[in-house]
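Quick note: the coordinates plus some simple rules give every number you see, no bench work behind them. Here the structure is a predicted model, which is why all the values come from computation and not from measurement. FYI the Cβ positions are ideal-geometry reconstructions off the backbone, even for glycines, and counts take in every protein chain you see.
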Amino acid sequence: QVQLVESGGGLVQPGGSLRLSCSTSGSISNIHVMAWYRQAPGEQRGLVASITSSGSTNYVDAVKGRFTISRDNALTTVYLQMNSLNPEDTAVYYCNIVSIRQGVQNYWGQGTQVTVSS
């Protein structure tokens, strides 16, 4: 079974930066979208940023200009560079990969905690 392994979370002060990484433990064919979601305490999980296999990106308004999503050419790793962090960015961040091959397959990371506090 393919698993997504996340890393890069931690505690950072307001205005600081973090870079999240998500790597696949196995080969995933026909990747359509790679994305990052986040879930703050008491809130539902929501999309933060996504990138298609062709390189098209999309961001939620709250992170535009501060976050950057990217991936390697082999589509084995997806990154989220987070700059100018504020306390509202505090959440558990989850990696998500969607593949389309004889149907839709969804893969999720275990989640990594990001805490922005002074």
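General remarks:
- For the chain, the convex hull drawn through the C-alpha positions has a volume of 99 cubic angstrom per residue.
- Cα centre as origin, Lys/Arg/Asp/Glu Cβ charges: the chain dipole, Debye: 180 debye
- Each peptide in 31-39, 58-66 gets a packing score, the mean of other Cβ atoms within 10 Å over its residues, and the list from highest to lowest is 31-39, 58-66.
- Pairwise centroid distance, computed over Cα atoms, of segment 75-106 with segment 4-39, Å: 5 Å
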